Amino acid sequence: MLARRKLAAISVALGLVATSGAVAIADQPHGRGLSATIRYTEFGIPHIVANSYRDLGFGQGYAAATDNVCALADTMLTTSATRSRYLGGETAPKGILAQTPTNLASDLYYQGINDSGIVERLVAQQGKLGPAPEVRDAVSGYAAGVTQFLRENRITDPGCKGAAWLRPMSELDVYRHMYASGMAFGQGGAAAGIVSAAAPVSTEDADLGSNAIALGSAATVNGKGMSLANPHLPWHAPDLRLWQSHLTIPGKLNASGAGVVGLPLLWLGHTSTMAWGGTAADTTRTFTLFELKLVPGSPTKYLVDGKAEAMTRRDVTVTVAKPGGGAEKVTKPQWWTRYGPIIHKLGEQVLPWTVDTAFAFADANAQNIRMGNSTLRLMQARTSDEAMRGLKETQGLAWMNVFATDSRGDASYRQLHVVPNVTDARAAECNTELGKRSYADRGIAVFDGSRSNCGWGQDRDAVQPGTFGPDSLPALSRTDYVENSNDSYWLTNPRQPINGFSRIFGTANTSRSPRTRSALTAIEEQLAKAKFTKEALQDLMLANRSHLAELAVDDLVRLCRTMPADVKEACDALSTWDKRFDVESRGALLFDRFWAKLRTTVPSPAQWKVPFDAANPVATPNTLNTDEPGVAKALTHAVAELRAAKIPLNAPWGDHNYVVRNGERIPIGGAAGNLGVFNAVSGPWDPAKGYSEMQHGATYLHALSFNNSACPDSSTLMAYSQSMNPASPHYSDQTKLYSRKQWVTERFCEKDIMGSPGLRVVEVRQR
């Protein structure tokens, strides 16, 4: 720990102002190298100060590599299409940017992208379509910072210590990561179906989750805005891992929050007067399919307005390590059209390439490299209006809704991300028979690719051709609140439902998910008692209430009492359960298995006696339908399943919902969102083995309240901790806080940073 006198000396030397939210720093010595100052506070949170965006990126890249160098290197393996060269072709990739079963399939997909030169062409664009100058500088600095860390440090992380695939980072690596992140729920998710598409011879949902709440002046005790951020991501994916930092350029930028390891700037966070959270727009499709009519006898040619067009064959070659040593080249063809690549499977939907028909995949984010432009404008904004104006002018977010609030108490929601311009009228005109079904069911349009007039529409205010412009996207501003838990735009606030948008954005006037209903119920219950304090917002976040349990358990217990005696233990466990998924909750395990059985055996409408009512969407459906025989069967099977796995019916939830860090088992509260738990986490279940380690859930959290100063009252939590390195002191420290429902008091203002008892200052310089 640094002595107080030494802290003061450092503060003076850096020219730091210790009395406000603004930070000033003395001019660095002139020189050719980049430099930044990193001040670490409790739990390894870095506060990075620099004189320019390039220097700031340098400091952020260096600090990110300090915590997660193996994650960075693993992501570069993916986007450079070299996983098979170093790790073998049959191993499964760790990440989610290319959802393929093997490294070879991932490499073939990314090598196809790299061979095309699309990333380089997008980056070369000037004006609104290309990266902003500040983003280019931040990217350049970030790559240099990661590279500098590798030059200066011995790698201790066993995940990549001594690995041949550790290498310096280039700007292109950063842009490739940015590009791939944009298509994670479009073309990247379809990668396996793209690389396996082949011409004929002629003759369980894994959506990203999230919660976000923005409270306005009418909903808070002090009349200022409050923000809750709670993105959910896989806990073991290196390529879309959030990491917390505080970034400052004196007089230009001062923002704190979380961004993706490997990318500069922040995805979520706050300035001194504006805060934002975000959710994955799971119900919105950022892609469409095109059904092609093939030329008879020529399965690699398709018709457009009666004229034949040849598909473009791309022979993609990757290097694959042989099991016994050495390597070999593997070459596979990919086929591309004016719409995008040919695909033969999308999820469980088989899209056969026959002698008559083929399907092309069109992803709107395939022309988007503007993500950094949008996140930069969020980081620069002073008000929610400025934040939304920045998003409107850049239009670079790939798949994220934004919920902003500010010190004035204005709360706003905008779905300002890239969406193909598919209106319901265009869909009715252009969908094929398959498209009519998939558009109604899932919002996926399948257009007639033989007609040139069946392309995407054009909006005059759209930065990118073929996408919806800002004025055509869902939005809502309120003085009370806006909220989303991955449902569509419709019930962002039940007091003012949003309507009038095409099916590609999701559904309206339909039943909401249990997690959405849980969130809206909790917000309205709090407002009925009293306006929000930050502490009330934190309590809502980690209450671990199960909305479904509150609706169903009492009826289930009454049914249970009428069932055979061998389930009596189940009745007792459920009747004494607190209807929460806290680590100590007993009875939660049984309800979890019961609901899993019920969901797979009884259709949703038959689960409830009172059906969904669009006029009362938060409270309906309700009342467990105990007259349905499948309800009793689901309970019987749940009991049998737990007993077979030798799990007591009333065992504490945390005994089986957990993560393991360096051999220590850490219990985790929360549960699957389909149980109506706001704090959504999930892990696999094996009937033969029971529960295994939690895999997906909360990552970065903030609960923030503005006040009458430049120092917001903010608490944060990085649920899976800052570092993936088991040797780091910050590998599990915040995970243990999360287990105990404890938060970190954020240090945003200079006086608070300098007052940290664990303050550690690191000067980094390019050499």
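The condition of being within 30 Å of Asn453 (Cβ to Cβ), buried (at least 24 other Cβ atoms within 10 Å of the Cβ) and more than 18 Å from the chain's Cα centre (by Cα) does not hold for Val355.
Which residues, counting only those in the range 545-570, are among the aliphatic types (A, V, I, L, M) and under 39 Å from the mean Cα position of the chain (by Cα)? Scanning the range 545-570 gives Leu548, Ala549, Leu551, Ala552, Val553, Leu556, Val557, Ala570. Among the residues examined, Ala65 qualifies as more than 24 Å from Phe361 (Cα to Cα), surrounded by 19 or more Cβ atoms within 10 Å (Cβ to Cβ) and in contact with a helix residue (DSSP H, G or I) (Cβ under 6 Å, 6 or more places away or on another chain).
Restrict the check to the range 650-659 and report whether at least one residue is acidic (Asp, Glu), in the same structural domain as Leu548 (by TED's automatic domain parsing), part of a helix (DSSP H, G or I) and surrounded by fewer than 17 Cβ atoms within 10 Å (Cβ to Cβ). Yes, the range 650-659 has at least one match. Checking Thr432, Thr423, Thr467 one by one, the residue that is in contact with a strand residue (DSSP E or B) (Cβ under 8 Å, 6 or more places away or on another chain), over 20 Å from Thr357 (Cβ atoms) and among the polar types (S, T, N, Q) is Thr467 and no other.
A quick yes/no check of all residues on (1) surrounded by fewer than 17 Cβ atoms within 10 Å (Cβ to Cβ); (2) within 26 Å of Ala680 (Cβ to Cβ):
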position	(1), (2)
Gly466	no, no
Leu473	no, yes
Leu476	no, yes
Thr479	yes, no
Val482	no, yes
Ser485	no, yes
Ser488	no, yes
Leu491	no, yes
Pro497	yes, yes
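The single condition among (1) within 29 Å of the chain's Cα centre (by Cα); (2) surrounded by 15 or more Cβ atoms within 10 Å (Cβ to Cβ) that Gly347 does not satisfy is (2). Pick from Leu416, Leu397: which is assigned to a loop (DSSP other than H, G, I, E, B) and touching a Lys or Arg at 6+ places or on another chain (Cβ under 8 Å)? Step by step, each of Leu416, Leu397 is checked, and only Leu416 is assigned to a loop (DSSP other than H, G, I, E, B) and touching a Lys or Arg at 6+ places or on another chain (Cβ under 8 Å).
Restricting the range 598-622 to residues that are touching a helix residue (DSSP H, G or I) at 6+ places or on another chain (Cβ under 7 Å) and of a type in the set (Val, Ile, Thr) leaves a set whose member that is surrounded by the most Cβ atoms within 10 Å (Cβ to Cβ) is Val602. Here Lys161, Lys128 are screened, and the one residue that is among the basic types (Lys, Arg), farther than 30 Å from Asn662 by Cβ and surrounded by fewer than 19 Cβ atoms within 10 Å (Cβ to Cβ) is Lys128.
Of all residues in the range 665-692, those being more than 27 Å from Asp539 (Cβ to Cβ) and not aromatic (Phe, Trp, Tyr) number 7. Whether a residue is at pLDDT 95 or above and touching a His at 6+ places or on another chain (Cβ under 9 Å) was assessed, and Ile194 passes this test. Checking every residue in the range 618-641 against the condition of being under 30 Å from Thr735 (Cα atoms) and either among the aromatic types (Phe, Trp, Tyr) or out of contact with any Leu (no Cβ under 7 Å at 6 or more places or on another chain) (or both) gives at least one match.
Among the residues making up the range 228-258, those that are assigned to a strand (DSSP E or B) and either more than 24 Å from Thr383 (Cβ to Cβ) or modelled with pLDDT under 95 (or both) are His232, Leu233, Pro234, Leu242, Trp243.
Looking across the range 679-718, the residues that are surrounded by 15 or more Cβ atoms within 10 Å (Cβ to Cβ) and among the small types (Gly, Ala, Ser) come down to Ala680, Ser682, Gly683, Gly690, Gly697, Ala698, Ala703, Ser705, Ala710, Ser714, Ser715. Of all residues assigned to the range 723-734, at least one qualifies as being surrounded by fewer than 21 Cβ atoms within 10 Å (Cβ to Cβ) and in a helix (DSSP H, G or I).
Conditions (1) in contact with a helix residue (DSSP H, G or I) (Cβ under 8 Å, 6 or more places away or on another chain); (2) loosely packed, with under 15 Cβ neighbours inside 10 Å; (3) assigned to a helix (DSSP H, G or I), marked per residue:
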residue: Val567; (1), (2), (3): yes, no, yes
residue: Asp578; (1), (2), (3): no, no, no
residue: Val583; (1), (2), (3): yes, no, no
residue: Ala596; (1), (2), (3): yes, no, yes
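Within the range 453-483, restricting attention to residues that are part of a loop (DSSP other than H, G, I, E, B) and of a type in the set (Val, Ile, Thr), the residue that is nearest to the chain's Cα centre (by Cα) is Val463. Please verify whether Ser450 is at pLDDT 95 or above, assigned to a loop (DSSP other than H, G, I, E, B) and hydroxyl-bearing (Ser, Thr, Tyr), treating the condition exactly as stated. Against the criterion (at pLDDT 95 or above, assigned to a loop (DSSP other than H, G, I, E, B) and hydroxyl-bearing (Ser, Thr, Tyr)), Ser450 qualifies. Tell me, yes or no, whether the range 505-512 has at least one residue that is aliphatic (A, V, I, L, M) and surrounded by fewer than 19 Cβ atoms within 10 Å (Cβ to Cβ). There is at least one residue in the range 505-512 that is aliphatic (A, V, I, L, M) and surrounded by fewer than 19 Cβ atoms within 10 Å (Cβ to Cβ).
The C-beta contact set for the range 731-748 (first residue closer than 28 Å to Pro158 by Cα, second residue surrounded by fewer than 21 Cβ atoms within 10 Å (Cβ to Cβ) and of a type in the set (Lys, Arg), distance under 8 angstrom, 6+ apart or interchain) comprises Tyr731/Arg661; Ser732/Arg661; Thr735/Arg661. Of the residues in the range 532-542, not one is closer than 30 Å to Ala428 by Cβ and either surrounded by fewer than 19 Cβ atoms within 10 Å (Cβ to Cβ) or of a type outside the set (Val, Ile, Thr) (or both). Selection of helices (runs of 4 or more DSSP H) fully inside the range 101-212 by the criterion of at least 2 residues being under 30 Å from Gly277 (Cβ atoms) and basic (Lys, Arg) returns nothing. From the list Ala615, Ala698, Ala680, Ala638, the lone residue that is within 30 Å of Thr383 (Cβ to Cβ) and not polar (S, T, N, Q) is Ala698. Taken as a whole, the condition of being over 30 Å from Pro497 (Cα atoms) and of a type in the set (Ser, Thr, Tyr) applies to Thr626. Being farther than 10 Å from Met311 by Cα, assigned to a strand (DSSP E or B) and of a type in the set (A, V, I, L, M) is the filter here, so list the residues in the range 330-355 that pass it. Of everything in the range 330-355, those that are farther than 10 Å from Met311 by Cα, assigned to a strand (DSSP E or B) and of a type in the set (A, V, I, L, M) turn out to be Val330, Leu346, Val350.
The values are calculated or read from the model by the stated rules, or taken from the named source; none is laboratory data. What you are looking at is a predicted structure, and each value in this text was computed from that prediction instead of being measured. Neighbour counts run over all protein chains shown; Cβ positions are idealised from the backbone, glycine included.
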